Amino acid sequence: MRSNTGVFIGNLLFIAVCCSAAPFFLLVGYSAWSDYPGRDWPAVMFVAGLAGTVMIPVLAITATRQEFPRITRRHRVKGVSHRCPDDTFVMWAPRSEQGPAQAQLVRADVLEASLVRYDPDGESTFTTHYGNYTPDEFTPLVRLRLRVHEAGETEEAGGTGGFEVTGEWRVPSLCLSAITAGRLVVLVDTPADPGAQRTVTPHWPRSNLLSGTRTYRVTDLEGRTAQVTRRVGRQLQQMRISREAGGVVMTGDTVDLRRLDPHTAARYAALADRDRAAPEEQAPVSEPGEEARWLADQLPGEKAAFGSAGRGWSRRGGVLVRGRFLEMRARTTFQDHGPVLDTVLRIQPADGAPPFDAARRLTVPMDYLTVLHRTKEVVLAVSPNGVSYDVDWARSSLLAGLTPATVIAPDGQELPLTGRPDTVWALMNLLASHGLSNPSPVLDLRKPRMRAAAGILMDACA
């Protein structure tokens, strides 16, 4: 497991080599100052060398803070802990095209998806673009086969009509989970000629709502709050009302009818009354056929594994804890393997203290973003003194199910752990407490170094 000190030393050595001219100028300027009195160039060379030399550790510290996802006390959100329920997830994604006013807003099911192109060439460095701009090289191009529903279908039941369309679309990285979930919101125009092909335009932020990636609540005129997440029929009708009204503001993940104009609030309230009279069932987390839409294997990210654990870290009391994303906000800084996002995490300390919220700028891997509809959890490694937390993406990916986890028993029997995240979590903690590293999704208990803990690890699999 990488340490913050190790990353800092690596950055320091790299920047020192790149800026090696600065110490050279410093020494030459200093030695020439006394040899050439009255000349200006030794002083200029000395000052330039001094400034460059001072910048070496400053740049190393800055690069380490940006590269290494460490959460400390200075990242804690003060005064507003528990300001929202634990199951909240708010996402600010890039805006989509609004489309023509006469276009219909309908549901589309993703039947197949495949990655066409994702080819950034930043060599894992940070690339920043100013303004509200996301370049194509950081936006995956995905080929989709969709079944588009008609506006009058029974949307909560999925419907059987509509038409199919195949095309290639640029998908914002924050909205990739809507494809894996299999439910999109699209705009369909009405062509002038009856036989002409209809244009289908996915609306990605609304698709995040329909897929259940982003939580959705409605507070009615009496102050009662209802959960609308994954209630597809009601959500689509609310989206149409919002579109006709020119947009409805969501505070966090909640629409408050008391803040809307009376006409729009009345239409929302009518939907709420209808839902109370005949409650709509929640749609599944993921629609059938997820394997045909699975993009995680085609996108970059850290390899899923049970994780590494330094013996010193383990012996001094280092532990693992789980955190959950409450917020993600898009920015215009990217790395090859994922976007840099402003996030808020809720972390449960290992000592049983109340959970706290931490605001941290993180690079979130692309493959993890494809499963945000079903998990927002991450694994964090806690320092032995308990004051800092490091996001462990290898363990987080395995816990999220991006790669199947498997245990090979001492007798050679393979035990698949697909769909058993609690068992995977227990094994991660046991390995960490014993200082055992397993940088693979396959835990082979036949290996000599695993023999001492094989019994307790097998008990956790029972």
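Coordinate-derived values only; no laboratory data. Bear in mind the structure is a predicted one, so any value in this text is a computation, not a measurement. Because the Cβ atoms are built from the backbone with ideal geometry, glycine has one as well, and the counts that use them run over all protein chains shown.
Ranked by Cβ crowding within 10 angstrom, fewest neighbours first, how are S211, S397, S314 ordered?
Numbers: S211 29, S397 24, S314 19.
Least to most surrounded, the residues fall as S314, S397, S211.
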### Task
Restricting things to alpha carbons, tell me how big the range 199-257 is in terms of Rg and Dmax, in Å.
11.5, 41
### Summary
From fewest to most C-beta neighbours within 10 Å, the residues W204, W393, W92 line up as W92, W204, W393
### Message
Taking R0 as 30 Å, what FRET efficiency do you get between Q348 and A462 from their Cβ-Cβ distance, rounded to the nearest 0.05?
### Response
0.75
### Query
Got the relative contact order for the chain handy, in percent, Cα pairs under 8 Å and 6 or more residues apart?
16 percent
### Query
Which lysines have a Cα less than 23 Å from the Cα of K303, not counting those fewer than 8 places away in the same chain?
K376, K447
### Query
Which helices of the chain meet both criteria: a Cα extent of 30 Å or more along the helical axis and a mean Kyte-Doolittle score no lower than -0.5, with helices taken as whole DSSP H segments?
41-67
#### Entry: Dipole in debye (nearest 20) - the range 317-369, about Cα centre, beta carbon charges: Lys, Arg +1; Asp, Glu -1
100 debye
### Message
Report the Cα-based extents of the range 325-416 along its three principal axes, largest first, to the nearest Å.
### Response
49, 34, 21
### Task
Taking the Cα centre of the range 91-292 as origin, sum charge times position over the Cβ atoms of Lys and Arg (+1) and Asp and Glu (-1), and report the length of that vector in debye to the nearest 20.
620 debye
### Summary
Mean 1/r over distinct Cα pairs of the range 299-461, inverted to a Kirkwood Rh in Å, yields 16.4 Å
### Task
Evaluate the Kirkwood expression for the hydrodynamic radius of the range 91-292, namely the inverse of the mean inverse distance over all pairs of different C-alpha atoms, and round to one decimal in Å.
18.1 Å
### Task
Just the Kirkwood number for the range 255-314, please: inverse of mean 1/r across all distinct Cα pairs, in Å, one decimal.
17.3 Å
### Task
Give the dimensionless ratio obtained when the Cα radius of gyration of the chain is divided by 2.2 N^0.38 Å.
1.17
### Message
Could you compute how fast the range 221-369 diffuses translationally, taking Rh as the Kirkwood radius over C-alpha pairs and applying Stokes-Einstein at 4 °C with viscosity 1.567 mPa s? Give it in µm² per second.
### Response
66 µm²/s
